[in-house]
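All remarks here apply to the structure that follows.
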Amino acid sequence: VHVSLVGQDKMRISWITQDSAPPTVEYGKSPGVYQNSSTGTTSSYKYTLYTSGKIHEAVIGPLETNTVYYYRCSSDSSREFSLKTPPAQFPIKFAIVGDLGQTEWTKTTLQHMGQSNYDVMLLPGDLSYADFYQPRWDSFGRLVEPLASQRPWMVTQGNHDVEKIPIIHPHSFTSYNARWRMPYEESGSDSNLYYSFDVAGVHIIMLGSYTDFDPSSAQYKWLQADLGKVDRTRSPWIVVLLHAPWYNSNTAHQGEKESVGMKASMEGLLYQARVDMIFTGHVHAYERFTRVYNEKADDCGPVHITIGDGGNREGLAISYMDQTPPISIFREASFGHGQLEVVNATHALWTWHRNDNDEAVEADSTWLTSLSSNPGCKVRIP
């Protein structure tokens, strides 16, 4: 079971059963008392010789903000879940981690993240590391269920989620799209691979590194339109997530077209819209840059943060370039997770917690001021 945001006051509940079951969610504000119910849809998919279980999803709401709801799926009285809706205004706390996988390192990351009392989880790609072996998507779902059933998990895709095999399985993202449906239609997107949503004064944009991103692409045009609609009086912060980093001083994943090409296409758009932060994964390490644009420090550019250190089975990317670029503020190859606490319209606290430490230890932290509150950084909509 996992939950995700749909619009301002609804949630999508997604769950999988082995056998046929009604796609119905019953929910209410007290344990065992369900005044409301919603019936959704059921689907399944085939991937070579594998056939998925029954994938159910139902949208519940309207829901009150900052409120705990109890729910059960398919009238299964043996399993009651609870979720908490995010607050309507600041402060709000995000947990952010990429390249999660399902190792012992992953379990530690999830345990630390669970202690952080976050409102919404953001994941910039590479979820299960199923890598074509579909039962790993099922085991990943079971691994994250204790957290993902309680708070909304908002994800975008990475290279390990593509799972395309020429001739044998020529379609990309079959399992990812079937299992992790995000609210893309609500943001005017034509693809589950890129979308945006608003929560408590933060406009969050999820982009796809592994689909077309050049200026003639649907994703580029959608992004341009989406940025043009953001009202900075209502959403003083803009945060972007994508998989392949545009700035990276690790020796891993240098020069890939998903990084270089997408940066060449889209960096100007995000800069002119005064995006505050860009979170990426792909490199299995942590790195925080200063505000940057076009390879140089720029007070009106976004802060780039690589957070691909969730715990996947490929291990850490331990080798950094010998010379630290002046724009790179902090870099370390350790597993961990990040927390973004947006305190108000002008200030947010970013902290990175490495797994080797107790949850309370912050290995890196910085206060950020929103670009919308900086009079020297006027928004220029392209």
Subject >> Filter result for the condition that a residue is open to solvent by 10 Å² or more (accessible area, probe 1.4 Å), closer than 22 Å to LYS93 by Cβ and not hydrophobic (A, V, I, L, M, F, W, C), over ASN344, ASN374 >> reply: ASN344
**OP:** Among the residues of region 287-304, write down those that are of a type in the set (Ser, Thr, Tyr) and closer than 27 Å to PHE335 by Cα.
**Re:** THR290
Original post:
Is it the case that some residue within region 209-218 is within 20 Å of MET182 (Cα to Cα), assigned by the TED database to the domain that holds LEU123, touching a strand residue (DSSP E or B) at 6+ places or on another chain (Cβ under 9 Å) and modelled with pLDDT of 95 or more?
Top reply: yes
**OP:** Please enumerate the residues belonging to region 265-306 that are assigned to a loop (DSSP other than H, G, I, E, B), open to solvent by 10 Å² or more (accessible area, probe 1.4 Å) and out of contact with any Leu (no Cβ under 9 Å at 6 or more places or on another chain).
**Re:** ASN294, GLU295, ASP298
**OP:** Please specify each residue of region 117-147 satisfying the condition of being within 19 Å of TRP105 (Cα to Cα), in a loop (DSSP other than H, G, I, E, B) and free of Cβ contacts under 8 Å to residues at least 60 places away in the same chain.
**Re:** LEU127, SER128, ALA130, ASP131
Original post:
Would you call GLY310 closer than 20 Å to THR156 by Cα, modelled with pLDDT of 95 or more and in the same structural domain as SER209 (by the TED database)?
Top reply: yes
Subject >> Enumeration of residues in region 140-154 that are open to solvent by 10 Å² or more (accessible area, probe 1.4 Å) and either over 18 Å from ALA130 (Cα atoms) or not aliphatic (A, V, I, L, M) (or both) >> reply: GLY141, ARG142, GLU145, PRO146, LEU147, GLN150, ARG151
Original post:
Do we have any residue at all in region 182-192 that's in contact with an Asp or Glu (Cβ under 6 Å, 6 or more places away or on another chain) and at pLDDT 95 or above?
Top reply: no
Subject >> strands (runs of 3 or more DSSP E) enclosed by region 1-69 - at least 1 residues per element that are outside the structural domain of ARG142 (by the TED database) and open to solvent by 60 Å² or more (accessible area, probe 1.4 Å) >> reply: 10-17, 36-39, 41-43, 54-60
**OP:** Kindly indicate whether THR48 is without any contact (Cβ under 8 Å) to a residue 24 or more places away in the chain and touching a strand residue (DSSP E or B) at 6+ places or on another chain (Cβ under 9 Å).
**Re:** no
Subject >> Total residues in region 119-137, condition at negative phi and open to solvent by less than 10 Å² (accessible area, probe 1.4 Å) >> reply: 10
Subject >> Residue ID - surrounded by the fewest Cβ atoms within 10 Å (Cβ to Cβ), chosen from residues in region 70-91 that are touching a Lys or Arg at 6+ places or on another chain (Cβ under 7 Å) and assigned to a loop (DSSP other than H, G, I, E, B) >> reply: ARG79
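The rows are residues; the columns are (1) aliphatic (A, V, I, L, M); (2) closer than 15 Å to VAL3 by Cβ.
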| position | (1), (2) |
| --- | --- |
| GLU80 | no, yes |
| LEU83 | yes, yes |
| PRO86 | no, yes |
| LYS93 | no, no |
| GLY98 | no, no |
| THR108 | no, no |
| HIS112 | no, no |
| ASP119 | no, yes |
| LEU123 | yes, yes |
**OP:** Would you mind stating whether SER116 is outside the structural domain of HIS2 (by the TED database) and at pLDDT below 95?
**Re:** yes
Original post:
Are there any pairs, at least 6 apart or on different chains, whose C-beta atoms fall under 6 Å, with the first in region 329-352 and more than 24 Å from ASN248 (Cβ to Cβ) and the second of a type in the set (S, T, N, Q) and open to solvent by less than 40 Å² (accessible area, probe 1.4 Å), and if so, which?
Top reply: THR346/SER370
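The values are calculated or read from the model by the stated rules, or taken from the named source; none is laboratory data. Computed from a predicted structure; not experimentally measured. Here Cβ is always computed from backbone atoms with ideal geometry, including for glycine, and neighbour counts include all displayed protein chains. Protein only, heavy atoms only, side chains kept; ligands, DNA and RNA dropped before computing areas. Shrake-Rupley method; radii C 1.70, N 1.55, O 1.52, S 1.80 Å.
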